[in-house]
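Q: Please see the structure below; I have some questions.
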Amino acid sequence: MISFVLLSMPIFGLVALGWAAVKAELTPPAALDALGAFSFRFALPALVMRLIASEPLGRSFNPTFFAGYFASGCLMFALTFGVSHLLQRQRSSVAGAHATSATVSNLGFLGPPIVLAFFGQRGAGPLAMAIVAEVMILMSVGAAIMAGSERGRVGAGPLILKSTIYNPVIVAIVAGAAIAAAGVALPVPVDRFLALLGASAAPTALFAVGGALAVQRIKRSTGFAAAGVTMVKLVIYPLTVWCVLAHVLRIEPFWSGTGVLIASLPSAGSNYVLAQRYAADADQVSAAIVLSTIVSVVTVPWVGWLVAPS
């Protein structure tokens, strides 16, 4: 257990450094946008594309894993939406925001450093499939629900299409998969360029996550909803993935382990952007993102200890 905590310490240490730098006013909050943009638009795509392109396609992608992980996400989305809308009497847009926050993980900023640290380079394949399942599909469904219940606002269709086509991580996944399928090795200068650029992904992304935590607050009125979403995101969702992959589908331990670890990541910051755009109680979503990120400092190393190879 101690070894897995030590493995996680540099990752969350960078998050803490970002938090401390903003709190101590050594880094202005405005700089976080630039760091996040660089990581998301350039560094992360380079990292993901290089990792996927360097592995045989059959080793990186598993249809059974994708089906099981996606089914688990759909189940959690429907459960969270039903509880929020039917039992708690929330508007459809708010329930959609809660469901999205409970199922769409911070795969862009926290996914690569954590999954690669515990499972190595091969972990890029499951991570890419989780991005497709959560970002391309579940987030799109959540955006459609939020937009559909808010009359007079811009529809979700153009937003979903644009965000998918122009999402640099999605483009990198497709490009890397195409190169791997063709069996073509990247030229040495290109490989070195992508390696150099991709190496900056984790430090910049994690620093930006920590800085964002320093400027966000959890209001007392949003605490209950945030705790509920955090419970689903960090506990119920990973347990569901484990049950489906390991016991229903009986998939190889590598795939079930990576799936559980990916599902245990905290809620993505992009969920707040959607909730704010469609007036779907963005304060509750923001609180859930902050709380799940803080709690994940404890839960992610524990999950990694349970599922990662020794």
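Q: Out of all the residues in segment 114-125, which are more than 17 Å from S267 (Cβ to Cβ), in contact (Cβ under 8 Å) with a residue 24 or more places away in the chain and out of contact with any Gly (no Cβ under 6 Å at 6 or more places or on another chain)?
A: Of everything in segment 114-125, those that are more than 17 Å from S267 (Cβ to Cβ), in contact (Cβ under 8 Å) with a residue 24 or more places away in the chain and out of contact with any Gly (no Cβ under 6 Å at 6 or more places or on another chain) turn out to be A117, F119, Q121, R122, G123, A124, G125.
Q: Now for a different question. Going by what's in this entry, would P253 be described as under 30 Å from L57 (Cβ atoms), loosely packed, with under 14 Cβ neighbours inside 10 Å and touching a helix residue (DSSP H, G or I) at 6+ places or on another chain (Cβ under 8 Å)?
A: yes
Q: I'm trying to understand the selection: among the residues of segment 282-301, which are in contact (Cβ under 8 Å) with a residue 12 or more places away in the chain and open to solvent by 50 Å² or more (accessible area, probe 1.4 Å)?
A: D283, I294, V295, V297
Q: Which count do you get for residues in segment 42-79 that are among the β-branched types (V, I, T) and either within 17 Å of V15 (Cα to Cα) or not in a helix (DSSP H, G or I) (or both)?
A: Qualifying residue count, segment 42-79: 0.
Q: What number of residues within segment 45-102 are among the small types (G, A, S) and open to solvent by less than 10 Å² (accessible area, probe 1.4 Å)?
A: Total meeting the criteria: 13.
Q: Of the residues L35, L79, which is under 21 Å from A195 (Cβ atoms) and in contact with a helix residue (DSSP H, G or I) (Cβ under 8 Å, 6 or more places away or on another chain)?
A: That would be L35, the only listed residue that is under 21 Å from A195 (Cβ atoms) and in contact with a helix residue (DSSP H, G or I) (Cβ under 8 Å, 6 or more places away or on another chain).
Q: Please pick out the residue among R153, R122 that is in contact with a Lys or Arg (Cβ under 9 Å, 6 or more places away or on another chain), at pLDDT 85 or above and of a type in the set (K, R).
A: Only one candidate passes the filter, namely R122.
Q: To continue, here is another question. Hey, does segment 105-120 have a residue that's assigned to a helix (DSSP H, G or I) and more than 19 Å from the chain's Cα centre (by Cα)?
A: no
Q: Sticking with this one: Run down F38, F42 and say which single residue is modelled with pLDDT of 90 or more, within 22 Å of L213 (Cα to Cα) and open to solvent by 60 Å² or more (accessible area, probe 1.4 Å).
A: It is F38.
Q: Same structure again: Need the failing condition index for I170 against (1) closer than 20 Å to P56 by Cβ; (2) surrounded by 18 or more Cβ atoms within 10 Å (Cβ to Cβ); (3) at pLDDT below 90, just the number.
A: (1)
Q: Something else: In segment 255-289, what residues are closer than 17 Å to L107 by Cα and of a type in the set (F, W, Y)?
A: Listed by number, the residues that qualify are W255, Y272.
Q: Here's something else I'd like to know. Would you please name the residue that is modelled with the lowest pLDDT, looking only at residues in segment 87-104 that are touching a helix residue (DSSP H, G or I) at 6+ places or on another chain (Cβ under 9 Å) and farther than 15 Å from L75 by Cα?
A: Checked segment 87-104; the qualifying residue modelled with the lowest pLDDT is Q88.
Q: Hey, another quick one. Can you pull out every residue in segment 1-41 that is assigned to a helix (DSSP H, G or I) and among the acidic types (D, E)?
A: If the condition is that a residue be assigned to a helix (DSSP H, G or I) and among the acidic types (D, E), then D33 is the only one that fits.
The values are calculated or read from the model by the stated rules, or taken from the named source; none is laboratory data. Computed from a predicted model, the values in this text were never measured in an experiment. Quick reminder, even Gly has a Cβ in these numbers, built from the backbone with ideal geometry, and neighbours come from all protein chains shown. Surface areas here come from the heavy atoms of the whole protein model, side chains and all, with no ligands, DNA or RNA. Shrake-Rupley method; radii C 1.70, N 1.55, O 1.52, S 1.80 Å.
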